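This report refers to the structure that appears directly beneath it.
The values are calculated or read from the model by the stated rules, or taken from the named source; none is laboratory data. The model shown is predicted, which means the values in this text are computed figures rather than measured ones. Ideal geometry is used to build each Cβ from the backbone, glycine not excepted, and the neighbour counts take in all protein chains shown. Heads up: the accessible areas ignore ligands, DNA and RNA and are worked out on the full protein's heavy atoms, side chains in. Shrake-Rupley method; radii C 1.70, N 1.55, O 1.52, S 1.80 Å.
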Amino acid sequence: MFVVTGATGNVGRSLVQTLAATGVRVTATSRGISAADVPQHVEYRRADLVDTESLRPVFDGADALFLQNGGPSAHLLNPQDILDVAKAGGVGRVVLLSSQGVATRPGSASHGDTARSIEDAVRQSGMAWTILRPGGFSSNAYAWAESVRTRRTAAAPFADVGLPTIDPDDIAEVAAAALREDGHTGRIYELTGPALSTPRQRAVAIGDALGEPVRFVEQTRDEARAEMLRFMPEPVVEATLTILGEPTPAEQRISPDVQQVLGRAPRSFADWARRHIAAFR
């Protein structure tokens, strides 16, 4: 049995669907999960990674674990306790959703250091492990959904700075392979899309999928910062804006790892936009 944490997120939801389609037994878990969040016949349980005791019944009888790194709550996690409870429940394999920032922003408390501490706990757990380090998600474009629906407008800073955003479905497929197949133990996969894309280009791609133009408005850094502070802690905002505006060569590198694991190229942002265009109509 496979346990998927963060099962209502962009990666976790897709992973649950991918695993369930192969016929394996899956338990999906997150804090507010409900039957509407999972495919029919998939077991779900509410639990919180911050509350280790809530995980004991989830992990009981499990063979493998997809561990989401906690997102904005990552600094609250005790990864060693989570892994100890997982091992006690029978888990022998863990696939960790980490962050590219571990390698590219090692001095960043908001991006690199916290994720590194979780990675270290996984590597020292005694379980077979695989670590996934994605860059920016194509699904971050959901931030434009309301403005595109109502005004056919998308706003972002650094209009012409490109990053190789990754489709969350590709992350999920790599995770499914690492959970189900041999040959991934001890591997760290850097996951990116197939090409650099800029915010301006992503707005065009959404417009193409809609069949009508989306007007792009370039924000100043301060304008973007004020907007992001409404839902993100300040250190995360500052680090994110630095990555978006001044990416390192490593953050702009196109990784071959999706191709190597899945035997196909990663999906483009335009492909993501076409598949999810209902959110922008």
(message) Could you tell me how many of the residues in the stretch 245-264 are farther than 16 Å from residue 172 by Cβ, within 18 Å of the chain's Cα centre (by Cα) and surrounded by 19 or more Cβ atoms within 10 Å (Cβ to Cβ)?
(response) 2
(message) Go through the stretch 161-197 and report how many residues are open to solvent by less than 30 Å² (accessible area, probe 1.4 Å) and touching a helix residue (DSSP H, G or I) at 6+ places or on another chain (Cβ under 6 Å).
(response) 14
(request) Please go through the stretch 1-40 and pick out each residue that is in contact with a strand residue (DSSP E or B) (Cβ under 8 Å, 6 or more places away or on another chain), among the hydrophobic types (A, V, I, L, M, F, W, C) and open to solvent by 10 Å² or more (accessible area, probe 1.4 Å). (result) 1, 2, 20, 24, 35, 38
(message) Looking at the stretch 130-160 only, could you name the residues that are open to solvent by 40 Å² or more (accessible area, probe 1.4 Å) and touching a helix residue (DSSP H, G or I) at 6+ places or on another chain (Cβ under 7 Å)?
(response) 137, 142, 149, 158, 160
(message) Tell me whether the stretch 219-238 contains one or more residues that are within 23 Å of residue 129 (Cα to Cα) and of a type in the set (Gly, Ala, Ser).
(response) no
(request) Within the stretch 209-258, count every residue that is assigned to a loop (DSSP other than H, G, I, E, B) and not acidic (Asp, Glu). (result) 15
(message) Would you confirm, using the coordinates I've provided, whether residue 116 is closer than 23 Å to residue 180 by Cβ and either basic (Lys, Arg) or touching an Asp or Glu at 6+ places or on another chain (Cβ under 8 Å) (or both)?
(response) no
(message) Residue under question is residue 66, and the condition is that it be within 17 Å of residue 170 (Cα to Cα) and open to solvent by less than 70 Å² (accessible area, probe 1.4 Å); does it hold?
(response) yes
(request) Would you mind listing the helices (runs of 4 or more DSSP H) fully within the stretch 8-100 where at least 2 residues are under 18 Å from the mean Cα position of the chain (by Cα)? (result) 10-21
(request) Mind listing whichever residues of the stretch 206-244 are under 21 Å from the mean Cα position of the chain (by Cα), open to solvent by less than 30 Å² (accessible area, probe 1.4 Å) and within 19 Å of residue 268 (Cα to Cα)? (result) 206
(message) Could you go through the stretch 182-198 and let me know if any residue there is more than 19 Å from the chain's Cα centre (by Cα) and modelled with pLDDT under 95.
(response) yes
(message) Being of a type in the set (Val, Ile, Thr) and within 16 Å of residue 184 (Cα to Cα) is the filter here; which residues of the stretch 119-151 pass it?
(response) 122, 130, 131
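Could you identify the single residue in 16, 58, 26, 38 that is at pLDDT 95 or above and under 19 Å from residue 132 (Cα atoms)?
The unique qualifying residue is 16.
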